[in-house]
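Have a look at the structure below, then the notes.
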Amino acid sequence: MLGRRELMRLSGLMGLGLFSMNVSSAALAATRAKPERFRPVIVLDPGHGGIDPGCIGRSGTYEKHIAFSIAYQVAGLLEASGRYRPVLTRSRDVFVPLPQRVSRARSAQGDLFLSIHADSIPNPSLRGASVFTLSEKASDRLSAEIAARENDADLIAGFNYQTQSPEVSDILLDLTRRQTANLSIGLARELVTHLSGMVQMLPHSHRSAGFAVLKAPDIPSALVETGCMSNRDEERMLRNASYRKTVATGIVRSIDSYFRDVARA
């Protein structure tokens, strides 16, 4: 998992002013130990990184920088609240394969997984954020195209159900996946509700597709496309630190509502 030295080497985000946030690196390091006063572990997954820039905006902005900035701000807000333990799947501008993102979330004993991205779509006049949950059949053609672009690997980390017979293991895994899928949908609805009150959303803003990074069977997960880099105006907004903080605040409010209204139901 990410160590303190790695977390202290946050660098290389090309003039976006991404390191003005105040969050202690120790709180971002993953650990297996649960604190005495339980705080949910929120795993934040900044999309892309390193040799993989993600989408490139109309003026040359890299998705990987936008995603990291927003994830880092969400982590800072979560830590400042005192109610959560944020964990980052990458702490700097490096490439992390999709299976490792999932395995890092499980090693951290994550209670929630949010993958953060910025989108690019064929119609440059469209703009807005959107939220995705896992489905092997995409909800529409655009969702399928986005998932195909994000998935540079269709693998997930191994899961150890070997202590049970194959029949029991299959039943347990299926039940776990169903419960996780229901909670993931609840999380997505909270994200759409709170983000739509703060930023513009794409039509049909809750979609589904086969994102490999959402395939942990036991952690409720969603992927947030924070805006369309293919739209010149929205790319400019995503480059603005104040706007990125607005997006981060909407995500944090969604997490609060999830644990208040969904996870306890």
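The values are calculated or read from the model by the stated rules, or taken from the named source; none is laboratory data. What you are looking at is a predicted structure, and each value in this text was computed from that prediction instead of being measured. Virtual Cβ from ideal backbone geometry, glycine too; neighbours counted across all protein chains shown.
Among the candidates Ala129, Ala138, which residue alone is at pLDDT below 95, buried (at least 16 other Cβ atoms within 10 Å of the Cβ) and among the hydrophobic types (A, V, I, L, M, F, W, C)?
Step by step, each of Ala129, Ala138 is checked, and only Ala138 is at pLDDT below 95, buried (at least 16 other Cβ atoms within 10 Å of the Cβ) and among the hydrophobic types (A, V, I, L, M, F, W, C).
Would you check which residues across segment 42-65 are more than 12 Å from Val94 (Cβ to Cβ) and not in a loop (DSSP other than H, G, I, E, B) and list them?
Ile42, Val43, Leu44, Asp45, Ile56, Tyr62, Glu63, His65
Would you mention how many residues in segment 77-97 are closer than 27 Å to Leu202 by Cα and surrounded by fewer than 24 Cβ atoms within 10 Å (Cβ to Cβ)?
Within segment 77-97, residues that are closer than 27 Å to Leu202 by Cα and surrounded by fewer than 24 Cβ atoms within 10 Å (Cβ to Cβ) number 1.
Take segment 102-125 and flag every residue that is more than 23 Å from Thr249 (Cα to Cα) and surrounded by fewer than 23 Cβ atoms within 10 Å (Cβ to Cβ).
Of everything in segment 102-125, those that are more than 23 Å from Thr249 (Cα to Cα) and surrounded by fewer than 23 Cβ atoms within 10 Å (Cβ to Cβ) turn out to be Ser103, Arg104, Arg106, Ser107, Gln109, Ile121, Pro122, Asn123, Pro124, Ser125.
Exactly one of these conditions fails for Arg37: (1) within 30 Å of Arg232 (Cα to Cα); (2) modelled with pLDDT under 95. Give me its number.
Tallying (1) within 30 Å of Arg232 (Cα to Cα); (2) modelled with pLDDT under 95, Arg37 fails exactly one: (1).
Can you pull out the residues in segment 38-69 that are buried (at least 24 other Cβ atoms within 10 Å of the Cβ), farther than 21 Å from Ala216 by Cβ and β-branched (Val, Ile, Thr)?
Within segment 38-69, Ile66 is the sole residue that qualifies.
Scan segment 178-232 for residues that are assigned to a helix (DSSP H, G or I), farther than 17 Å from Arg106 by Cα and β-branched (Val, Ile, Thr) and jot them down.
The answer is Ile185, Val192, Thr193.
Scan segment 244-265 and give yes if some residue there is of a type in the set (Phe, Trp, Tyr) and farther than 13 Å from Leu187 by Cα, otherwise no.
Looking for residues that are of a type in the set (Phe, Trp, Tyr) and farther than 13 Å from Leu187 by Cα, one finds none in segment 244-265, hence no.
Specify the residue that is surrounded by the most Cβ atoms within 10 Å (Cβ to Cβ); the eligible residues are those in segment 203-244 that are under 18 Å from the mean Cα position of the chain (by Cα) and basic (Lys, Arg).
Among residues in segment 203-244 that are under 18 Å from the mean Cα position of the chain (by Cα) and basic (Lys, Arg), the one surrounded by the most Cβ atoms within 10 Å (Cβ to Cβ) is Arg244.
Filter segment 40-73 for residues that are of a type in the set (Lys, Arg) and at pLDDT 95 or above and give the result.
Result: Lys64, single match.
Considering segment 67-107 alone, what residues qualify as being over 14 Å from the mean Cα position of the chain (by Cα) and of a type in the set (Val, Ile, Thr)?
Val94
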